[in-house]
Amino acid sequence: MSETRVNTKTMSLTDYAIRYGFVALLVGLVVYFSIAAEGFASPYSAVFIFQSVAITGILALGVTATLVVDGFDLSIGAVATSALMLSAYVMVVLEQSALVAVVACLLMGALVGLINGFLIVQMRVPDLLATLGMMFLLIGLQRIPTEGRSIATGMSLPDGSTAQGSFSPEFLALGRHRFDFFIDNLIPVSVVFLIVIAIGIWLFLEYTRYGRVMYAIGSNQRAASLAGVPVKKYKIIAYMISGVLASMGGILLAARLGRGDIASGNNLLLDSVAAALIGFAVLGAAKPNAFGTAIGALFVGILLQGLTMMNAPYYTQDFVKGGVLVVALMFTFALSNRR
């Protein structure tokens, strides 16, 4: 009897650790940096953290959509950078409006997702290989129109002429405008986009029939297929969601920079994947979920901002991110297996 009671107590402690351990770690991190780093707890510091993770968070939500159907998208960083370059090219070189640039980028993202999905579900190419190939294809493709140069107002084109277009104020506002919130010019547009998209993806996956079907596909694709679910269609849709969200991230990055910087998206893939995978540990989900992904992105942002304000060397950041990812995954799967 006593042994059963001890086992029950142990299991309850394990369940508690699985469910709230990562959240407790996040809160502890905030408290520590608030004490150790002067100015960390200020509203502007908090907003800067959100702004620093907004784009990677949006991309990570796209990765989450593919993880839900037991897939994976390695092309998101390349899609975002391609959207950045495409939007700049449309406005600066082709002299089109911001609306045309945004629509072109979103269509490009949807098309890339459609091709990825077709390769994976119809041609039966493994998802890692298909999206890796697409990543290299896009990295090469986005450099061809400008012969590998970044795009900026007044740049010299390969034919010797000068670009006559420019970034429209409406487009730049997507990355630079701030809304008043108790304090003037506090909340950046990119943060609002992140919050709205995160809530939308969370509601879609958790509370709609389509989201539950996607989880069913990821849990047991064969069973879902036997139950009459159009598995191929849903998997293609998941990759299209990933492509569109990656394009949105690229648009916001271009609007923030005000130029088509070809090297600006180098870390987007790793940071986004880290946020999505860290999300597995949030509230003991042990599965891809939008809420966990958003918290994962926020966790990485808080960690890096705190280290920066404590004057930690910049070259330690990737090591810290890798360590956090390894610990989070170890924590999630080890404790989940025990449970």
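Before moving on, here are some points about what is shown:
- Within the listed set Met214, Met135, Met123, the Gaussian network model of the chain (springs between alpha-carbon atoms below 10 Å) gives the highest mean-square fluctuation for Met123.
- Farthest towards the positive end of the charge dipole of the chain, among the residues Val327, Ala227, Pro313, is the Cα of Ala227, using unit charges on the Cβ of Lys, Arg, Asp and Glu.
- For a straight C-alpha distance cut-off of 19 angstrom, the aspartates and glutamates reachable from Lys287 (same-chain residues fewer than eight places away being disregarded) are Asp15, Asp70, Asp73, Asp127, Glu206, Asp271.
- Whole-angstrom gap from the stretch 35-73 to the stretch 87-129, using each part's C-alpha centre: 23
- Computed over the alpha-carbon pairs of the chain, the distance histogram in 20 Å steps reads 29, 55, 15, 1, 0 percent, short to long.
- Distances between placed amide hydrogens fall under 5 Å for Ile151 paired with Gly260, Asp261, Ile262, all partners being 5 or more residues away or on another chain.
- Relative contact order of the stretch 37-155, defined on C-alpha pairs under 8 angstrom at six or more residues apart (%): 29
- The charge dipole of the stretch 27-338, taken about the Cα centre with unit charges on the Cβ atoms of Lys, Arg (+1) and Asp, Glu (-1), comes to about 900 debye, rounded to the nearest 20.
- Positive-end ranking of Thr56, Phe167, Ser190 along the dipole of the chain, with charges on Cβ about the Cα centre, is headed by Thr56.
- Normalising the average separation of contacting C-alpha pairs (under 8 angstrom, six or more residues apart) by the number of residues puts the relative contact order of the stretch 27-338 at 32 percent.
- Angle in degrees between helix 189-207 and the longest Cα principal axis of the chain, rounded to the nearest 10: 50
- Top of Ala312, Ala104, Ala224 by mean-square fluctuation, Gaussian network on the chain, Cα under 10 Å: Ala312
- Once the gyration tensor of the Cα atoms in the stretch 70-155 is diagonalised, the equivalent ellipsoid follows with semi-axes of 27, 14, 8 Å, ordered largest first.
- Cα long-axis angle, helix 127-141 against the chain (0 to 90 degrees, to the nearest 10): 20
- Folded to 0 to 90 degrees: helix 43-68 orientation relative to the chain principal axis, Cα: 80
Read the figures in this text as sums done on the coordinates, not as results from a lab. Please read these numbers as outputs of a predicted model, since none were measured by experiment. Every residue, glycine as well, gets a Cβ built from its backbone with ideal geometry; the counts of neighbours run over all protein chains shown.
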